[in-house]
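A short worksheet on the structure shown next.
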Amino acid sequence: MSGMVTLTFTLNGAPVRIETSPGRRVVDLIREDLGLTAVKEGCGSGECGACAVLVDGVARLSCLMLAAQLEGREVVTAEGLGTIDDPHPIQAAFAAAGAVQCGYCTPGMTVAVAELLARNPSPQRHEAREAISGNLCRCTGYVKIVDAVMDAAQAMGKETK
Amino acid sequence: MSKAVGAERFSTDIAPPGCLWAGARRAGVPHARVVAVHTREARALPGVVAVLTGADVPGANLQGIVHKDQPVLVTDTVRHAGDAVALVLAESREALAGALSLIRTELVPLPGVFDPEQALAPGAPLVHSGREGGNLLAHALVEKGDAPSAFAGCDVVVEGRFETPMQEHAFLEPPNGTARMTRDGGIEMTASTQAPFRDRFEIGHALGLNPMRVRVRAPYLGGGFGGKDGATVQCLLALAALHGGGRWVKMCWSRGETFLAGYKRHAARVRVRLGASRQGTLQALDCAMLFDSGPYAHLAVEIMALAMEHAGGPYLIPHTRIEGSCAYTNNPVGGAFRGFGVAQASFAVERAMDSLAQRLGMDPAELRLKNALRPGDLNCAGVPMESPAGAAECLEAVMAHPAWKERDAWKAQAPACKRRGVGIAASFNAMGYGRGLPDAAAAKLELTKGGTFRVFNSVPDMGQGNAAAFALMAAEALNQETAAIEVVQPDTRLCLPAGSSSASRTTYTFGNALLKACGAMREKLKARAALFLLADEPDRLAIRPGAVVDEATGRSVSLSQIGSMLQRDDRICIDQFVMPVVENPPDTGKEFRLGFPHRMYSHGACVCAVEADELTGQVELVRCVTAVECGRVFDSLGVERQVQGAAAQGAGFALLEDLHVEEGLIRADGLDRYLIPTALDLPPLECVSVEGDEPTGPHGLKGMGEVGVHGPAPAVAQALEDAVGLVARRLPVNPQEVLEAMGGEKP
Ligand code: FES
Ligand code: FES
């Protein structure tokens, strides 16, 4: 089809080669074409953070990105952080701290937290709050989420020692 | 863990390959006569499968949980901007969007009515023309004693008018679902819904289908809070599926559409007169509440009933007269939202308590404590408070908390250009449906061939964690590891009927049914194991994780052995529970057929500390402490989570959330303009739980999903009065008012 481009990038560590229209939103590309549904859409306009993914290590809102922007990049979604059997320490901390209620905001939250902890391995509580302030959660009041961030930071700190 | 890693599949994650997309064209104007809906160009667009209008709807074309007055697709009249005028089915979302924009509507604007008081004035335009009763949807009276004469004996009487706005649920997962027509002409559907069992009847009635041919599945919801109680996508989606030729059809509302067409917490106006003796003993209450239902009844009457039942707060008031009305308008549709009318009533009565405390020169906490309902007292609607009734205990708990105890010292340390204040409030919230309809649930429990258990959950989990609570309950009751319990999410074909996920009822009602089913399962396991173990007294057998053991002989049989030997019918235990109702209902509130009064209440109290900025008028919530009594605490982490989530929504209601509805149109129709609290807007929401024990509850618990939402609004208002002297009578409090209040003192 005319107007299609072939994109190559890595997704959760695996190379992806896909033909798509350059104007396709990344959130649709990942959810629908590539079937990774951890990426959620909550608003479609950059307000809720549910669709966050890591692009070259930076949390980005996939509802505001176009497919063409992925060319050559490294993309990580919540699925790429960990799985049920092998969760990332952040995900394990979210589950243990009770930071997950409906769970719809969670993949985006954990992605934002992954960026934070890569940048700042031992954040203060207010830094954690700041880091997730672009991710809305309507269920938790954020308390347990911040708890989980602190726990994850500790667990990851121990791991690297 | 599946949610924590993003592996859980929500309704919106289901996209069968090759599915069609459905979407509604919304009216966009609040009141109009429909002359024509032109669909030809839309139909001609490549990729468009069907374009339907009101004339294509089979059946009654009316939806509504109790009162059926909301069309699936409007035929002659548009009554609010979110009304659907046409439905499109297309091969792709691009084609869908294209077709929706090509539909031309010929609408003749009608004068609208956008204020519930004006709606009731003579000569107001009618929302439902020709309706007997005009725009007055319902009117009711709840009385106890003789309030009019009791006021004469009061030493102090305060009076006020209060307003609370519409509130948006802002659940993160928008309303959505997937459906297809089955071979027999029925419908199968997966939707983000709080009431799959009721949806079948809604769809059946609206579209003239046999409800038993409608199968609805409800996976975990990405939030609901009442906003998915009642049809959102269901009827439209079923209609689309009827035209999909057996293909799957998916519908997902955008955020904008959710704002436009979704239900809101009802805006309310409340006038309160409250009288007391010089010593601060409450004597009389006179209260009039008016709710803006929007153009359809939905749950307005039931919400008004609950508001009236709570109009007196958790206080003993011997004489009450509570009047309620709800009016049709051309505003967005009002509906259920955590706290179901109580949030509105609570704000008004708590504010009246504040002015009473001030007039009496009493401490607002002491005034509340002095009048708190105790077991055996009759509440404002004449319902006896069964034990336990933890109103006083909740107040005492927050009064003992440093946030309240050390408030003077804290206020004295206010930084430059900031003023500090602290406020307190109490609340209560009925649980369950109340009289008039059975609040029932049936639970099914299966022993699998592998020796584990499957709980067939009938009430959706919208994030409150009932599914996890059920796993915990069953594990404990069957003496198994929680890993041995699988909870099947609601599916009207596999699970047994239960009411909706609402009214703080799920854990209590389904939990009770489940515990009974577990009891039956224990009996069965022992009886069947007795055959294997040649034990003629099954009672001496004990159920252990994974096995049934005969202590006397030391022999045991594994659950997988039992499971593999039994026929499926024999591996299943079923039981049900119906919530008890008030035995001698008070002789009042006769207008209510449903939902009045209730038998059980959860209690709460809340302290909020705020800091107001002298330069900007911005208010920061610095501390928020909530105490709840919801029977026995079975899962304290679960209670804390519910309290924190509720407090966050209460804080939003108090300080941020404003839809700006003007002439029926929502101006703040996205999450960029309608602000809900972010992580930077909330303090650590502290939670104190007060142990109670509800003798009829599973493990002694009551429902607690809602009670925590009520405290922050009145407590913040009182705190602001304390800080800057602002007498807040409407929500949300805006910085301008705060600034003005400070300006008055400091010219
Ligand atoms: S869906 Fe992307 S920010 Fe909300
Ligand atoms: S857990 Fe529901 S939105 Fe965050």
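The values are calculated or read from the model by the stated rules, or taken from the named source; none is laboratory data. Since this is a predicted model, take the numbers as computed values, not measurements. Note that each Cβ is placed from the backbone with ideal geometry, even for glycine, and that neighbours are counted across all protein chains shown. Note: areas computed on protein heavy atoms with side chains; ligands, DNA, RNA excluded. Shrake-Rupley method; radii C 1.70, N 1.55, O 1.52, S 1.80 Å.
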Test item: Cα-centred dipole of chain B, Lys/Arg +1 and Asp/Glu -1 on Cβ, debye: 1700 debye
Of A:Cys63, A:Cys48, A:Cys102, the one that fluctuates the most in a GNM where chain A has Cα springs shorter than 10 Å: A:Cys102
Calculated FRET value between B:Lys449 and B:Gln618, using beta carbons and R₀ = 60 Å, to 0.05: 0.45
Backbone N within the stretch A:32-47 under 19 Å of label point (7 Å from A:Met4 Cα along the Cβ vector): A:32-35
Rounded accessible area per residue of chain B, 1.4 Å, Å²: 34 Å²
Highest-fluctuation residue, A:Cys51, A:Cys43, A:Cys105 considered, GNM on chain A with Cα pairs under 10 Å: A:Cys43
Set of lysines near B:Lys411 by C-alpha distance (under 24 Å), chain-local residues within fewer than 8 positions excluded: B:Lys746
Heavy-atom SASA rank of B:Met431, A:Met156 (probe 1.4 Å, accessible area, largest first): A:Met156, B:Met431
Mean separation of Cα contacts under 8 Å (6+ apart) over length of the stretch B:95-213, as relative contact order %: 10 percent
Nitroxide proxy distance, nm - points 7 Å out along Cα→Cβ at A:Glu74 and B:Leu637: 3.3 nm
Backbone N under 12 Å from the B:His38 label point (7 Å along Cα→Cβ), restricted to the stretch B:79-122: B:102-107
Rounded, prolate or oblate (a/c below 1.5 giving rounded, otherwise prolate when a/b exceeds b/c) for the stretch B:472-589 by Cα gyration tensor: prolate
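Report the accessible surface area buried between chains B and A, summing both sides, using a 1.4 Å probe on protein heavy atoms only, in Å² rounded to the nearest 100.
Using a 1.4 Å probe, the pair buries roughly 3700 Å².
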Whole-number D in µm² s⁻¹ for the stretch B:146-216, Kirkwood Cα-pair radius fed into Stokes-Einstein, 4 °C, 1.567 mPa s: 78 µm²/s
Percent accessible area from carbon and sulfur atoms, the protein assembly as shown, protein chains only, probe 1.4 Å: 51 percent
The protein assembly as shown shape via C-alpha gyration tensor axes, a/c threshold 1.5: rounded
For B:Leu701, residues with placed amide H under 5 Å, excluding near neighbours: B:Arg632, B:Glu694
Interface residues in the stretch A:81-109 - accessible area drops by 50 Å² or more relative to the isolated chain, probe 1.4 Å: A:Ile84, A:Gln101, A:Cys102, A:Tyr104
Rounded to whole Hz, the Karplus (6.51, -1.76, 1.60) HN-Hα couplings of the stretch B:659-668, x for glycine and proline: 7, 6, 7, 10, 6, x, 10, 7, 7, 9
Rounded FRET efficiency, nearest 0.05, which uses the C-beta distance separating A:Leu64 from B:Arg673 and R0 of 25 Å: 0.90
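Beta carbons within 10 angstrom, averaged per residue: use that to sort the peptides B:697-703, B:169-175, highest first.
Order by mean packing, descending: B:169-175, B:697-703.
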Nonlocal amide H pairs with B:Arg730, under 5 Å, H built at 1.01 Å: B:Glu163
Label-point separation, A:Ser133 to B:Arg278 (7 Å along Cα→Cβ), nm: 5.3 nm
Cut-off under 5 Å, modelled amide H: who pairs with B:Leu20 long-range: B:Trp248, B:Val249, B:Lys250
Surface per residue (accessible, 1.4 Å probe) for chain A, Å²: 40 Å²
Proximal lysine pairs, the stretch B:413-559, alpha carbons under 16 Å, eight or more residues apart or interchain: 5
Chain A, dipole about Cα centre (Lys/Arg Cβ +1, Asp/Glu Cβ -1), debye to the nearest 20: 300 debye
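Any idea what the relative contact order of chain B is, in percent, if you count C-alpha pairs under 8 Å spaced at least 6 apart?
15 percent
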Residues of the stretch B:1-28 buried by at least 30 Å² on assembly (accessible area, 1.4 Å probe, chain alone as reference): B:Met1, B:Lys3, B:Ala4, B:Val5, B:Gly6, B:Phe10, B:Thr12, B:Asp13
Candidate lysines for bridging to B:Lys264, where Cα separation is under 30 Å - those fewer than 8 sequence places away on the same chain excluded: A:Lys40, A:Lys144, B:Lys3, B:Lys68, B:Lys228, B:Lys250, B:Lys590, B:Lys702
Extension gain from B:Met212 to B:Lys68, taking 0.36 nm per residue of separation minus the Cα-Cα distance: 49.9 nm
Residues in the stretch B:225-239 that a label on B:Phe201 would reach, taking backbone N under 14 Å of a point 7 Å out along Cα→Cβ: B:230-231
Approximate spin-label separation B:Leu437-B:Arg93, in nm, with each point projected 7 Å along Cα-to-Cβ: 3.4 nm
Acute angle (nearest 10 degrees) that the helix A:143-160 long axis makes with the longest principal axis of chain A, alpha-carbon atoms: 90 degrees
Tilt relative to chain A, helix A:106-119 - C-alpha long axis, 0 to 90 degrees, to 10: 80 degrees
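Which helices of chain B meet both criteria: a Cα extent of 20 Å or more along the helical axis and a mean Kyte-Doolittle score no lower than -1.0, with helices taken as whole DSSP H segments?
Qualifying helices: B:342-360, B:506-533, B:636-655.
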Candidates A:Ala148, A:Ala50, A:Ala96: whichever shows maximal mean-square fluctuation once chain A is modelled as a Gaussian network with Cα springs under 10 Å: A:Ala96
Cα gyration tensor shape of chain B, rounded if a/c is under 1.5, else prolate or oblate by comparing a/b with b/c: oblate
Shielded residues, the stretch B:679-711 - accessible-area loss of 40 Å² or more between chain alone and all protein chains, probe 1.4 Å: B:Ala679, B:Leu680
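Could you tell me the calculated FRET efficiency between B:Met565 and A:Glu159, based on Cβ-Cβ distance and R0 = 41 angstrom, to the nearest 0.05?
On the way: r = 47 Å, r/R0 = 1.14.
So, using R0 = 41 Å, E works out to roughly 0.30.
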